[in-house]
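Peer 1: Sending over a structure as structure tokens; questions will come in a sec.
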Amino acid sequence: MVTDGAAGSDPARGPLEVTGARVGEVLDGADLPQACVPRPFLHPVRTLGGVVLTDRHPDDHPWHSGLAVALPDVDGVNCWGGPTFVPGAGYRWRDDHGTATVASAASDGPRLRSEVDWHDPGGRLLLHEDRTLEWGAAPDGWQLLWTSSFRAPGDRPVELGSPGSHGRAGAGYGGWFLRFARCTDVVVRTPDGAGEDRVHGSVTPWIAWTGSFDGGRAHVLVEALDHRDPWFVRVAEYPAIGSALAWRSPVLVRPDEPLVRSFRVTVSDG
């Protein structure tokens, strides 16, 4: 499990263990290139049987890092990584990449609480995130509960946007995001249907991904616990799912009114 902050340990980095198996690694992301937006994430995430489910620095999108929160537009700052979507011009490389740093972290058994501060390229504080991870055994594998609570750091709202909110249809990605390792024979579904075209942009309580990874077949079920954002899904171009905070319109994080998103992830072999 993640260390408890004893001498020589760092609660912001360390393994997640369930029933004696290492199922994940918490990384602070400080070594990521600036263009990939240094930020904390989980990688590798594994099944109890050891199948690796996540990717880091994939060739197609090197700024994708395991399981994380990533935000394409925080008051005009790229906190996703890679090129920035510019209305009317498409994607352009800019020196506008932010950084998310772990301001504090503390663990208590299978629970990690972190304060994450999001900054612009000049170091100005953009957004606070209070993140809680809890993990343990499940009847058919293991389970992760992820909660992110976003707070505006000052007395004015903070606007979260996406390419979708800037006019690129179907590209409202941004928020909780899981980049899978290379896999084949993928089945992605929700209560309303199956297949990338059917589930991308849908608003349902859960989404499930099954695929054949290097090491075996695995299943991931993601449940949205407190809000219904559209699901962002990629299968043909690259393997990933996420929950889109600003699918078509920007979202405001208001002072003294946290924006909370919670997800329960169940990981199974076979």
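The values are calculated or read from the model by the stated rules, or taken from the named source; none is laboratory data. Here the structure is a predicted model, which is why all the values come from computation and not from measurement. Backbone-built Cβ (ideal geometry, glycine too); neighbour counts: all protein chains shown.
Peer 1: If the Cβ limit is 9 Å and pairs must be 6+ apart or interchain, which residue in the range 1-27 that is part of a loop (DSSP other than H, G, I, E, B) pairs with which residue that is at pLDDT 95 or above and among the aromatic types (Phe, Trp, Tyr)?
Peer 2: Met1/Trp135; Thr19/Trp142
Peer 1: Can Trp135 be described as part of a strand (DSSP E or B) and within 15 Å of Ala240 (Cβ to Cβ)?
Peer 2: Here the answer is no, as Trp135 does not meet what is asked.
Peer 1: Let me ask something additional. Could you check the range 69-109 and list, in sequence order, the residues that are exposed (fewer than 12 other Cβ atoms within 10 Å of the Cβ) and of a type in the set (Lys, Arg)?
Peer 2: Arg92
Peer 1: Out of all the residues in the range 94-116, which are part of a strand (DSSP E or B), without any contact (Cβ under 8 Å) to a residue 60 or more places away in the chain and closer than 20 Å to Val74 by Cβ?
Peer 2: Ala103, Glu115
Peer 1: Tell me whether the range 54-68 contains one or more residues that are surrounded by fewer than 18 Cβ atoms within 10 Å (Cβ to Cβ) and farther than 22 Å from Asp214 by Cβ.
Peer 2: Taking every residue of the range 54-68 in turn, none turns out to be surrounded by fewer than 18 Cβ atoms within 10 Å (Cβ to Cβ) and farther than 22 Å from Asp214 by Cβ.
Peer 1: Specify which of the listed residues (Leu48, Leu16, Leu27) is aliphatic (A, V, I, L, M), surrounded by 17 or more Cβ atoms within 10 Å (Cβ to Cβ) and over 18 Å from Trp146 (Cβ atoms).
Peer 2: Exactly one of Leu48, Leu16, Leu27 is aliphatic (A, V, I, L, M), surrounded by 17 or more Cβ atoms within 10 Å (Cβ to Cβ) and over 18 Å from Trp146 (Cβ atoms), namely Leu48.
Peer 1: Moving on. Do we find that Pro121 is closer than 29 Å to Thr266 by Cα, touching a residue at least 12 places away in the same chain (Cβ under 8 Å) and not aromatic (Phe, Trp, Tyr) in this structure?
Peer 2: no
Peer 1: So which pairs qualify, if the first residue must be in the range 213-226 and farther than 13 Å from Val203 by Cα, the second must be of a type in the set (Asp, Glu), the Cβ gap must be under 8 Å, and the two must be at least 6 apart or on different chains?
Peer 2: From the range 213-226, the pairs are Gly216/Asp269; Arg217/Asp185; Arg217/Asp269; Ala218/Asp269; His219/Asp269.
Peer 1: Of the residues Gly170, Gly211, which is in a loop (DSSP other than H, G, I, E, B) and more than 18 Å from the chain's Cα centre (by Cα)?
Peer 2: Being in a loop (DSSP other than H, G, I, E, B) and more than 18 Å from the chain's Cα centre (by Cα) holds for just one of Gly170, Gly211, which is Gly170.
Peer 1: Let me spell it out: the conditions are (1) loosely packed, with under 15 Cβ neighbours inside 10 Å; (2) touching a strand residue (DSSP E or B) at 6+ places or on another chain (Cβ under 8 Å), and Pro139 meets all of them except one. Which number is the exception?
Peer 2: (2)
Peer 1: Still on this structure: Looking at the range 218-243, which of its residues are surrounded by fewer than 17 Cβ atoms within 10 Å (Cβ to Cβ) and modelled with pLDDT of 95 or more?
Peer 2: Of everything in the range 218-243, those that are surrounded by fewer than 17 Cβ atoms within 10 Å (Cβ to Cβ) and modelled with pLDDT of 95 or more turn out to be Glu223, Leu225, Ala236, Glu237, Tyr238.
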